[in-house]
Structures are given as C-alpha cells and as structure tokens.
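Everything below concerns the one structure shown next.
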Amino acid sequence: METRSYDVIVVGAGGAGVTAAASAARAGARVAILSKEPVGCGNTRIAYGGFAGVGMVPEDNPEEFFRDIVAGGEGLGNPQLTRDFTKDARKGPCVAEGMGHIFRRDQEGDVKGPVIGRAGGHRFHRGLSSPAQGVSLGGMLHNAAFGAGVEILEEVVAFRLMGQDRVNGLLAYTLRDGRVLALNAGTVVLACGGAGWLFYPHTDCVRSSTGDGFALALEAGAELMGMEFLQFLPFSVTHPPSYTGIFLGEPSSTGPNGRLVNGKGETVMTNMMPKTRSQVARVVALEINAGNTTPHGGISLDVTPNLETPQGRKAWESMNATGLLDQARLIYGERAYRWEEPWDVAPTAHFSAGGVRIDRDCRSTIPGLYAAGEVSGGVHGADRLGGTALTEVFLFGWKSGKRAAAEAASLGSSQVDSREAEEQASRVEALFGRKGGNRPIALIRRLQKVMWDKVGVVRTDEGLRQALQEFDRIRDGAQDLQVRSGRTFNTEVAEALELEMMLATGRAMAKSALERQESRGGHVRLDFPDRDDARWLKNIFVRKEGDKLRIRAEAVPSLEALS
Amino acid sequence: MKASIKVWRFDPDNGDKGNLIQYQAPYQEGDTVLQALLDLYEQEYPVCFRFGCRFKKCGLCAVEINGRPRLACRTPLKDGLTIRPLRALPNIRDLVVDRDPAFSVLLPYQPWPAIGEPPERLPRLTEPVEHQRLMACNECLGCLSTCPTYRHDDPSCGGPFQFVKLAQAHFHPLDRMDRPAQARALSIERCGSCLKCRCLIGIPIVKMAIQPLLEGAHQP
C-alpha cells in the first residue's frame, strides 16, 4: 500500500480546509489537503456569500454580537467559543482578503454604509458581501490552495482516521485510480463541512456534504455535540424536481411586507425580516406537516405586498443588486423575480449547527485531531445567524491550521498501524465487483428519504425510533452490496464508503434528537412543542463506546465558570 | 414520459474506445439534463459524471450537449440530446474529464496574490469591475471547448480559462506581476481576431480578459 507522511493533513478543501492548510503551511508544516471534489467546490463556493463582521456601525461591538448569537442560538452555544468568535469576528474578513479575496466596497473604497447587509436575527448591520457571491470565494480558495505550497489530493475519500490514543494519520480512497492510500500525520484537521446531503433533495448543500467528518470523529473516539441541530432555511424551491431544495432566501429577504400564506389562503406569518431562520422555518414546516400546502407541497411566500410600499420596493432593489433574486428568476420566472407573484417555498437543509466538540484551539477531545468550520460544533448553539458560517470558516480555519502545525512540530514522526491499514484496504478491495443485491446509491436514497421524513424539520419520538430501525435495515442491506468493478473513477466504491459514514452521522443526529425532549432552534418536536429552559438548557454530547453511541446531556457552562 | 438521449460511455478499464449509448431517461416537466443523468445513475446504469450544487455555482457538471459546452444543471432535458464530455480535456471515464491540465499549465505563473498574515484591517481599495465580473468564473472549464486552438498538452498554449485566471490576477489591485507578459508566454497573440470563445455563464471573456491582456493595459 502506498504510504505518505505529512506534518498536518487537512480533510476537506472548502473555506475551512483551504484556510487551515494555508495557515499550517505558512507556519512551516508539510501539509496535505484532501478533497472529495476538486478544490474549492464546497459549500463556501455555493454560498450566497454573506459574511458577518462586527462593529461596522457605531452602536455595534463584539458584546452586542455575542448577545445576538446567544439569542439566535437559543442559549446553547459554548459561551467561550462564542465569545472568542465575536471578539475576533472583525478579523474573519481580513483572513479572507489576506488570501486574495475582495469584499464589496463603497464608492470611497471602504467596507461600510450601504454595502453592509443585515440578515435575520442580527440587530445591527454586519453582513459583508462579494459581487460574485460565494463563487468568488471558491475561485480564491482554489488559487490559495495552489499558492500555499501544500500537496493537493483531489477526488479522494478519507474514510478512516488511524491511531489508538491519538490520531496519527488516515486512510483514503482515490477515485481516480481506485487505490487506498495510508497517510501518516502528526495532526489531522477535519474541515469537511456538514451533513446537508443526508436530506437530498431537500438541501441547498453540495453533493459532497455527506457528514463524513462527524462519522470519522466518532469512529476515532471523539465527542460530538448538538447533533440534533440542523438548520433548515425556510425558503427553497419546491418545483420542478430538478431544483427541489435550492436556496431562495432567508427571513431578511422577504421584504418588510412579505407574508406567509398557507394552502388554505390563511396568513400565518408577517414581519419576518428580523426573525431567525429557525423561527420562520418552523412555521413553514408545521403548516406543511399539517397538510396546509400548495399543490406543489410547499406554502406560499407572498412577496407581492412589498411592491405597494416604498420600503418594500427598496428591499427589492437592494436584493436585486446583490443577486439574491437570481434563483427565483431562473427557476420561477420573471414575474416571481419582480415580486409580482408569490413564491412556492419549503424548508431546506442548510447547515449543521452541531458537530465535533472543540476547545478554544480547535482541538477535539481526541489528541491529534482538530476541527474547524461547519464540521465543528459549539459556536452557535441551536440555530445560526446568517453570515456567521463564512466568518467562522476563515477564522477557525486559520487558527486550527496554526495550532495543528505547532503541535505537529513538537512531535516525532507518526506511523499508522500497517496491519490495521492492510485490513481496511482489503475491506475496500472486496467491494470492487461485489455481486450482492443492493447498489450503494439505492441505500443512500433510502437513507435520505428517512432522514427527511423522520429526522427532518419536524420530529417525533415515534418517527425518530422508526428512523433508527430503518438505519439498521440499511446497514444490513449494506452487508450485501452490488458494486461495479473497474479502478477508474469507481464512484460506487466511494458511495459504499460514504454510506457507512452517512449512517453513522444519521444515527448520531437521530439519537441526539430523540434525547432532546423539547423544541428549540432547528430542532422541532411535535410531541414536545415548547422550549423548556428548566430541563433543557443543556448540550447533548454523543460519543462512540464499543459499538454503541453513548449520549449524555450536560448544562451549558456559564462564561464565569469557564474563565 | 421518457426522453431519448445519447450518452457517451467510455470505460478505460475494459480497453474500450468509447461510444454513444442511447437511453430512455424518465422525463418530468422542468427536468434538467443533470436530473436525467442522476435518474439514469439510480436506474442501474452507473454512468460517471461530476456534479455538486445543482444550480450553476460549482461548475462541476459541464459537459457537451449537442456539440456545445453546457452546464448540465442549467440545460433543459429534451428528446434527442447527445451528451459528451468536454472535448478540450482528456476523457477519464464516461462524462468525466481530467481537469488537471487546465490548472497545471498555470502553476508556473502563480496567478494569485501571495498569501500573507491577515491584514489588521480591510484596506481602502477599489475593485475594478473587470475583477468583479471575472471572479464569477465557476471554473467549469466549458470555455476551453469553445476555443479552436487550445491544446491541453501544450504548455505554451493557454485557452480562455487560463486567460481568465491571469486576468483575475491582472485586475486584482494588489497584484504586481506582469500578467500580459505571462499571457504572451501562453500564446495569447493567436487570439487576435478570433472571437469564438464563450463563457457558459456569460462572463465577457474577450472584453474583460483577452483584450486587456493583449493590450497589456496595466491595472489602475
């Protein structure tokens, strides 16, 4: 088996991954960056591109930002991480520009005033933007990966972290030629995003966001937190099926006079602009769940009243200027784009608010393993404010790379266990040309269906248990796979490996959701419809012990206790 | 309903030379070519193709449809379509091409600003409109298939994609390298009167990348 050695391996090559790799390389480490897709093609690239800074208006400061995140996350973020985040948020855009990005400027060339937007849940204007949205971040990231002097391993699937008491490398499958690589590393940074694709087609995330990082961390013994909190955006495309789940907007993009109308013609929500994503998504989801839908299975976002007021028309102008109406125009047509007719909308899986538990230096609970960006948990809590994910990606990406490089420099050489590596490699080898009854893609589609139906926007005890049973059946089905042979670009072998990771992640999400007997943020339980601060001002942690997932709840630490 | 489409199949592991195979793809109103490929993939023809975001941003699903490069996610499915890989790049398997040559030819020229420590604050600067437009490039590489002279195996021959990348750097306010000279090293002079290149998402490549590099106009 081919073996290579590095100081730092970064898994994932979107915003967090490239930033971590660049900063680790700058700190002098020999770095490899692994990507399932071509570099820079993660969710950062396809984001609308809102990027939260702080202190762009005189009344705003890190303390105010901290309060907004705590309110938006409904009290479940780790206060220390949130504090670090808000204190440093000003630097997030600086990291991106240091790598070559340029944010939108005003006429004088400054980032202030009218170029700053405001997403739902923010009390002040904090949103930087980019003329070409996330695509320009993606292009910059691709350049930066080349410019950083790191080894780029594209179209490889990291499927197992190695090491007993500490992570000392990983195994990866190469799509290009169907091999397993053993990669030694002093430290590993997980920066491979969230689990949006577990809900396909009801997601606006890229195909590669199959929750690999959560599964890798669990298998390595690390602890995850807040896995029950998946953020659903309230507004995505309902039809045609090719575009189901594609992003249409968030609360701030409804205009001051937008209203939600259910399938019976009843107005169920107005004044959405200041609300959080989860507050609005919940209303949409409950109406759909109750069957009050439009013929396309969504509900109606009536943006037309905006045209009757000057503020409403101004909201259209500013959204149009930043390209926020592109999707509506291209999918729903000119009249929808001009707000002359209502939009058919449904929630869509957007962001994993929970993830790998990290400390202030991005270290997981397992030595040698770091996490940054969406794959990590703790900064946000039960929901996330618009624009904060990109800031987190660059801020924590940069920090994690630096720290991982420093730790790796203090270590001797690492070597993955060759016997275990060979065992794993022969397990992958056995997949090629296997003639069982189930294609991986069929099992993946089953998993995605049960995730959306039972672990999606509205949940119940019964449904979550049914999901866990279905996961068992899918796991059993995966014992009998049908996989094509051939080395070159064997996507079915990759999918078989992804399926294992999707199952582990789905299970962690469903178990955490079952544990939390209340509704809060992105987690809505029909059987526990209210937020219950007396019982549930707690974080839920999940960790693997033997073959079992161990769940525990712990009170959210207070800032005083932490400092 | 079904749509009859032809899809390029090529399996290098079988010593195969590749050919077009006709399929009946399920069809619903509003379907895209990408949806047809996904449907075929699920229905027991493991045809290989890349995709990511399903809505024109990741650039991964560029293929040739009836002889012209298109994003599969933005092309309506119709009866009689022929779907092939991008001709400008080496075919790896089915619709998947080798993207590496498009980037490796650029590496000696480092078309990016050097990565430094993050600045303390965002500098006052003006982003030229050309930079704003050029940074919308989703790196789908489809433009290379519209260039009559690009050759992926000739390191002295750039194509529209490479010139877009050089022009991105050229118009970056902090870039200090002589990008027009680099473009000449990639034989941009042959673009002179050829206006055939097209961007799949509408970036004016000739006006914003090729002409400025040809004329050697220095950025403001």
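The values are calculated or read from the model by the stated rules, or taken from the named source; none is laboratory data. Here the structure is a predicted model, which means the values were calculated and not measured. Cβ atoms come from the backbone with ideal geometry, glycine included; neighbour counts cover every protein chain shown.
Tell me, please, whether a residue that is part of a loop (DSSP other than H, G, I, E, B) and crowded, with 21+ Cβ neighbours inside 10 Å can be found in region A:523-544.
yes
Out of everything in region A:404-436 that is assigned to a loop (DSSP other than H, G, I, E, B) and among the aliphatic types (A, V, I, L, M), what residue ends up being nearest to residue A:98 (Cα to Cα)?
Residues of region A:404-436 assigned to a loop (DSSP other than H, G, I, E, B): A:410-417, A:430-434, A:436.
Then keep just the ones that are among the aliphatic types (A, V, I, L, M); that gives A:411, A:416, A:430-431.
Details: A:411: 29, A:416: 35, A:430: 46, A:431: 44 Å.
Of everything passing the filter in region A:404-436, A:411 is nearest to residue A:98 (Cα to Cα).
On the stretch given as region A:20-50, residues that are closer than 24 Å to residue A:351 by Cα, more than 10 Å from every other protein chain (Cβ to nearest Cβ) and not in a loop (DSSP other than H, G, I, E, B) total 6. Between A:386, A:401, A:381, the distinction of being of a type in the set (Gly, Ala, Ser), part of a helix (DSSP H, G or I) and surrounded by 24 or more Cβ atoms within 10 Å (Cβ to Cβ) belongs to A:401 only. Listed by first and then second residue, the pairs linking a residue in region B:13-34 that is of a type in the set (Phe, Trp, Tyr) to a residue that is part of a strand (DSSP E or B), with Cβ atoms under 7 Å apart and 6 or more places separating them unless they lie on different chains, are B:23/B:5; B:23/B:7; B:27/B:2; B:27/B:3. Selection of first residues in region A:444-455 that are in the same structural domain as residue A:491 (by TED's automatic domain parsing) and part of a helix (DSSP H, G or I) and of second residues that are buried (at least 23 other Cβ atoms within 10 Å of the Cβ) and aromatic (Phe, Trp, Tyr), restricted to Cβ pairs under 7 Å at least 6 apart or on distinct chains, gives the following pairs, ordered by first then second residue: A:448/A:199; A:448/A:200; A:451/A:199; A:452/A:199.
Residues being within 25 Å of residue A:36 (Cα to Cα) and without any contact (Cβ under 8 Å) to a residue 60 or more places away in the chain are entirely absent from region A:530-551.
Residues in region A:112-135 that are more than 10 Å from every other protein chain (Cβ to nearest Cβ), part of a strand (DSSP E or B) and out of contact with any His (no Cβ under 8 Å at 6 or more places or on another chain): A:127 alone.
Please pick out the residue among B:111, B:101 that is more than 10 Å from chain A (Cβ to nearest Cβ), touching a residue at least 12 places away in the same chain (Cβ under 8 Å) and more than 28 Å from residue A:327 (Cα to Cα).
B:101
When residue B:87 is tested against (1) surrounded by 19 or more Cβ atoms within 10 Å (Cβ to Cβ); (2) of a type outside the set (Ser, Thr, Tyr); (3) within 15 Å of residue B:200 (Cβ to Cβ), only condition (1) is not met. Put simply, of A:153, A:171, A:183, A:161 the only residue that is in contact with an Asp or Glu (Cβ under 8 Å, 6 or more places away or on another chain) and not β-branched (Val, Ile, Thr) is A:161.
Restricting attention to region B:126-173, which residues are among the hydrophobic types (A, V, I, L, M, F, W, C), in a helix (DSSP H, G or I) and at the interface with chain A (Cβ under 10 Å from one of its Cβ atoms)? Those that are among the hydrophobic types (A, V, I, L, M, F, W, C), in a helix (DSSP H, G or I) and at the interface with chain A (Cβ under 10 Å from one of its Cβ atoms): B:129, B:134, B:164, B:169.
Taking the stated definitions as given, is residue A:193 within 14 Å of another protein chain (Cβ to nearest Cβ) and either modelled with pLDDT of 95 or more or in a loop (DSSP other than H, G, I, E, B) (or both)?
Details: within 14 Å of another protein chain (Cβ to nearest Cβ): yes; either modelled with pLDDT of 95 or more or in a loop (DSSP other than H, G, I, E, B) (or both): yes.
Against the criterion (within 14 Å of another protein chain (Cβ to nearest Cβ) and either modelled with pLDDT of 95 or more or in a loop (DSSP other than H, G, I, E, B) (or both)), residue A:193 qualifies.
In the set (1) more than 20 Å from the chain's Cα centre (by Cα); (2) surrounded by 23 or more Cβ atoms within 10 Å (Cβ to Cβ); (3) under 30 Å from residue B:104 (Cβ atoms), the condition left unmet by residue A:181 is number (2). Residues considered: A:148, A:158. Of these, the only one that is more than 10 Å from chain B (Cβ to nearest Cβ), touching a residue at least 12 places away in the same chain (Cβ under 8 Å) and within 30 Å of residue A:5 (Cβ to Cβ) is A:158. Here residue A:76 meets each of (1) within 21 Å of the chain's Cα centre (by Cα); (2) within 14 Å of another protein chain (Cβ to nearest Cβ); (3) among the aliphatic types (A, V, I, L, M) with one exception, condition (2). It is to be established whether one or more residues within region A:486-506 are within 19 Å of the chain's Cα centre (by Cα), at pLDDT 95 or above and over 27 Å from residue A:432 (Cα atoms). No, because not a single residue in region A:486-506 is within 19 Å of the chain's Cα centre (by Cα), at pLDDT 95 or above and over 27 Å from residue A:432 (Cα atoms).
Results for (1) acidic (Asp, Glu); (2) in contact with a His (Cβ under 9 Å, 6 or more places away or on another chain); (3) in contact (Cβ under 8 Å) with a residue 24 or more places away in the chain, shown as yes or no for each residue.
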residue	(1), (2), (3)
A:177	yes, no, yes
A:197	no, no, yes
A:205	no, yes, yes
A:220	no, no, yes
A:223	yes, no, yes
A:238	no, yes, yes
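Of all residues in region A:97-107 being more than 7 Å from chain B (Cβ to nearest Cβ) and without any contact (Cβ under 8 Å) to a residue 12 or more places away in the chain, which is surrounded by the most Cβ atoms within 10 Å (Cβ to Cβ)? The extreme case among them is A:106. Look at region A:56-72: where a residue is assigned to a helix (DSSP H, G or I) and a partner is hydrophobic (A, V, I, L, M, F, W, C), sitting 6+ places away or on another chain with Cβ atoms under 7 Å, you get A:62/A:54; A:62/A:89; A:64/A:124; A:65/A:54; A:65/A:89; A:68/A:385; A:69/A:385; A:72/A:385. If you check residue A:82 against the conditions, is it more than 13 Å from chain B (Cβ to nearest Cβ) and hydroxyl-bearing (Ser, Thr, Tyr)? Considered against the rule, which asks whether it is more than 13 Å from chain B (Cβ to nearest Cβ) and hydroxyl-bearing (Ser, Thr, Tyr), residue A:82 comes out as yes.
In region A:176-208, which residues are small (Gly, Ala, Ser) and under 27 Å from residue A:22 (Cα atoms)? Give the derivation first.
Going through region A:176-208, the residues small (Gly, Ala, Ser) turn out to be A:178, A:182, A:185-186, A:191, A:193-196, A:208.
Residues satisfying the conditions are A:182, A:185, A:186, A:191, A:193, A:194, A:195, A:196, A:208.
So, in region A:136-154, of the ones that are in contact with a strand residue (DSSP E or B) (Cβ under 7 Å, 6 or more places away or on another chain) and not in a helix (DSSP H, G or I), which residue ends up surrounded by the fewest Cβ atoms within 10 Å (Cβ to Cβ)? Checking each candidate, the answer is A:151. Exactly one residue out of B:186, B:200 is within 13 Å of the chain's Cα centre (by Cα), more than 26 Å from residue A:20 (Cα to Cα) and either surrounded by 13 or more Cβ atoms within 10 Å (Cβ to Cβ) or in contact (Cβ under 8 Å) with a residue 24 or more places away in the chain (or both), and it is B:200.
In the set B:35, B:43, B:28, only one residue is farther than 12 Å from residue B:77 by Cα and within 11 Å of another protein chain (Cβ to nearest Cβ); that residue is B:43.
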